[in-house]
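Below: one structure, written as structure tokens.
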Amino acid sequence: MTPVTTLARITDHDRRARLGPRHLLAHPADTVEQVADAVVGLHATDAATVYLSACARLADPSIKAVEDAFYERATLTRLLCMRRTMFAFTTGAAPVVDAAAARGIAAKERAGLLKYLAEGVGWDAARLAEVERLTLDALRDRGEATAAELSAAVPALREQVLVAPGKKYETKQNVSSRVLRVLAADGRIRRSRPRGTWLSTQFRWTPADPRPALDVAAAQAELVRRWLAAYGPGTEADVKWWTGWTLTAVRKALTAIGAEPVALDHGTGFVLPGDVDSPDSPPWVALLPSLDATAMGWQGRDFYLDPGHKPKLFDAYGNIGPTVWADGRIVGAWAQRPDGEIAWTTFADVGTETTAAITDHAHRLADLLGDTRFVPKFRTPLEKDLAR
């Protein structure tokens, strides 16, 4: 008779205990690079998210520290990758993510661009390649440049495509934004310091150093290894959702790294070999921005979020707003008001000490932002209510 194997058990309480130390919310980090690697990558779809996510995990929070990582040391870079989402990774992690996820996204982006250009301005692949060559030459000559500056140097970038013809919202678009987006997705250019403040999305562009070509399967296995180190235990469904891969690719990666199954309160999850013990975590609170990597780390969120609160915290497309956390749970939400005050609420009484800690974090966040005002790119019901 084959012996029955009893899986190690990791409860929801254990999962929450892991979250604080591993995501640097219970033990803040010294550097932005440590933060980015701890959560694998920082969400960067919304300009504010990268900065506020990093600062929430830094012992000495600083907007300038994040700017320096991007633009002075160039140790942090943005990639369009999993689920066609923009993330920021350290330069050490970027080649892995590039091979595991970004290359496939870039190929789809290029195919979409060629269709867009063929229908809109009659370009074929050869014409696009010529315009890209001219654009890269112009960028190398300048070192860095905005889209407008590159369009002045390469007139073809000013050609226009009629979008939504016949509709009330019909408009014309210069091809420059789509061409530059694909060059960035291919890793041939990268975003440099934006025009205006750190919240601006009008980036300058600069040539990018080529990334080493890694084996796709090996890179996918390494990316899942990093994910489990930060987010494990997680289910196959969690990994599939986070990566945007097929279930076959997910299972191959889990097998390649020898991931061990464990019993969860609801179903079966996976951890890295031997990673079944949960650490002791001190009490902690955090005010995390919309789309924060921790809040968006799993498809199955019930172990840290009461399902009844989801309609208040998420928009119609599944984007989470700013959240208040305590000891591994989402306990409320926050928003910045027009006068700069950080308004927050909890879903239930969290006790005197936790309330005092949240108040202190809200004051520190207001001080960090100073005169800067921002509105999340994807607004959620509770954030809108608090921001009034």
* Asked: Among the residues of segment 332-388, which ones are farther than 22 Å from residue 295 by Cα and among the acidic types (Asp, Glu)?
  -> 339, 341, 353, 367, 371
* Only one residue in 126, 102 is open to solvent by less than 30 Å² (accessible area, probe 1.4 Å) and either of a type in the set (Gly, Ala, Ser) or modelled with pLDDT under 95 (or both). Which one? -> 102
* Has segment 282-292 got at least one residue that is in contact with a helix residue (DSSP H, G or I) (Cβ under 9 Å, 6 or more places away or on another chain), closer than 19 Å to residue 243 by Cβ and either part of a strand (DSSP E or B) or among the polar types (S, T, N, Q) (or both)? -> no
* Asked: Taking only pairs six or more apart or across chains, which ones have beta-carbon atoms under 6 Å, a first residue in segment 62-78 that is of a type in the set (S, T, N, Q), and a second residue that is at pLDDT 95 or above and part of a helix (DSSP H, G or I)?
  -> 75/33; 75/69; 77/94
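Counting residues that are touching a Ser or Thr at 6+ places or on another chain (Cβ under 9 Å), among the charged types (D, E, K, R) and surrounded by 15 or more Cβ atoms within 10 Å (Cβ to Cβ), which strands (runs of 3 or more DSSP E) fully inside segment 139-258 reach at least 2?
Numbers: elements: 160-163, 171-174, 189-194, 203-207.
Where strands (runs of 3 or more DSSP E) fall fully within segment 139-258 and carry at least 2 residues being touching a Ser or Thr at 6+ places or on another chain (Cβ under 9 Å), among the charged types (D, E, K, R) and surrounded by 15 or more Cβ atoms within 10 Å (Cβ to Cβ), they are 189-194.
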* Close pairs from segment 266-279: first modelled with pLDDT under 95, partner buried (at least 18 other Cβ atoms within 10 Å of the Cβ) and of a type in the set (D, E, K, R), Cβ under 7 Å, at least 6 apart -> 278/14; 278/18; 279/18
* Asked: Since residue 280 meets every condition but one in (1) farther than 23 Å from residue 28 by Cα; (2) over 21 Å from the mean Cα position of the chain (by Cα); (3) open to solvent by 50 Å² or more (accessible area, probe 1.4 Å), which condition does it not meet?
  -> (1)
* Structure fact -> So the strands (runs of 3 or more DSSP E) completely within segment 294-349 holding 3 or more residues that are open to solvent by less than 60 Å² (accessible area, probe 1.4 Å) and touching a residue at least 40 places away in the same chain (Cβ under 8 Å) are 329-336, 342-346
* Just for helices (runs of 4 or more DSSP H) wholly inside segment 1-120: which have at least 2 residues that are in contact with a helix residue (DSSP H, G or I) (Cβ under 7 Å, 6 or more places away or on another chain)? -> 32-38, 47-55, 63-67, 94-97, 103-120
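The values are calculated or read from the model by the stated rules, or taken from the named source; none is laboratory data. Note that the coordinates shown come from a computational prediction; the quantities given were computed from them, not determined experimentally. Please note: Cβ atoms are built from the backbone with ideal geometry, for glycine as well, and neighbour counts cover all protein chains shown. SASA here: full protein model, heavy atoms, side chains in, ligands and nucleic acids out. Shrake-Rupley method; radii C 1.70, N 1.55, O 1.52, S 1.80 Å.
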